[in-house]
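What follows is a set of notes on a single structure, which appears directly below.
The values are calculated or read from the model by the stated rules, or taken from the named source; none is laboratory data. Computed from a prediction, not measured in an experiment: that's the story for all the values here. Cβ placement follows ideal geometry from the backbone for every residue including glycine, while neighbour counts extend to all protein chains displayed. All accessible areas refer to the heavy atoms of the entire protein, side chains included, with ligands and DNA or RNA removed. Shrake-Rupley method; radii C 1.70, N 1.55, O 1.52, S 1.80 Å.
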Amino acid sequence: MKNEKLTEKTTEELKKTEKSLKAITGMLLGTLIVLFGLSLYITFTKGFTPLIIIPIALLPIGIVNFNTINNIKKEINSRTKS
């Protein structure tokens, strides 16, 4: 995956990237919530399991994705105001 600056992309590319990133982030966070819930259930029924660490460790990926989405929105808004 290329790491392009947001200012180098067209508005259509930004909107497409924002849409796909929202979908991917939603699926990631949904999966992490389910995994966290199942890990808690297993912890309470069978004792401590190290699986509880996985959703906590993967949470920063969701945070980075939210920051990227916000940066894309700011770039789109700056282009539409001009």
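Using Cα pairs under 8 angstrom and six or more residues apart, how large is the relative contact order of the chain, in percent? Intermediate results must be reported in sequence, preceding the final value.
Details: 35 pairs, mean separation 35.9, N = 82.
Relative contact order of the chain: 44 percent.
Within the chain, what whole-number % of the accessible surface is contributed by carbon and sulfur, with the 1.4 Å probe and all protein chains included in the calculation? Could you put the intermediate results ahead of the total?
On the way: 4220 of 6350 Å².
Using a 1.4 Å probe with all protein chains present, the chain comes out at 66 percent carbon and sulfur.
Write down the accessible area per residue of the stretch 1-55 in Å², having rolled a 1.4 Å probe over the full set of protein chains. Walk me through the intermediate numbers first.
Values: 4400 Å² over 55 residues.
Heavy-atom SASA per residue in the stretch 1-55 reads 80 Å².
Place a point 7 Å from Cα of LYS22 in the direction of its Cβ. Which residues in the stretch 58-82 have their backbone N less than 12 Å from it?
The answer is 69-70, 73.
Rg and Dmax of the chain over Cα atoms: what are they, in angstrom?
Rg and Dmax of the chain, Cα atoms, are 17.4, 59 Å.
Note the angle between two axes, namely the Cα long axis of helix 53-81 and the longest principal axis of the Cα atoms of the chain, as a number of degrees from 0 to 90, rounded to the nearest 10.
So the inclination is approximately 20 degrees.
If I model a spin label at ILE42 and THR7 as a point 7 Å from the Cα along the Cα→Cβ vector, what separation in nanometres do I get?
4.7
Can you return the lysines within cross-link range of LYS9? Criterion is Cα-Cα under 23 Å, with same-chain partners fewer than 8 residues away left out.
The reachable lysines, counting only those whose Cα sits under 23 Å from LYS9, are LYS19, LYS22, LYS73, LYS74, LYS81.
Helix 11-46 sits at what angle to the longest principal axis of the chain, using alpha carbons and giving 0 to 90 degrees rounded to 10?
The two axes meet at around 10 degrees.
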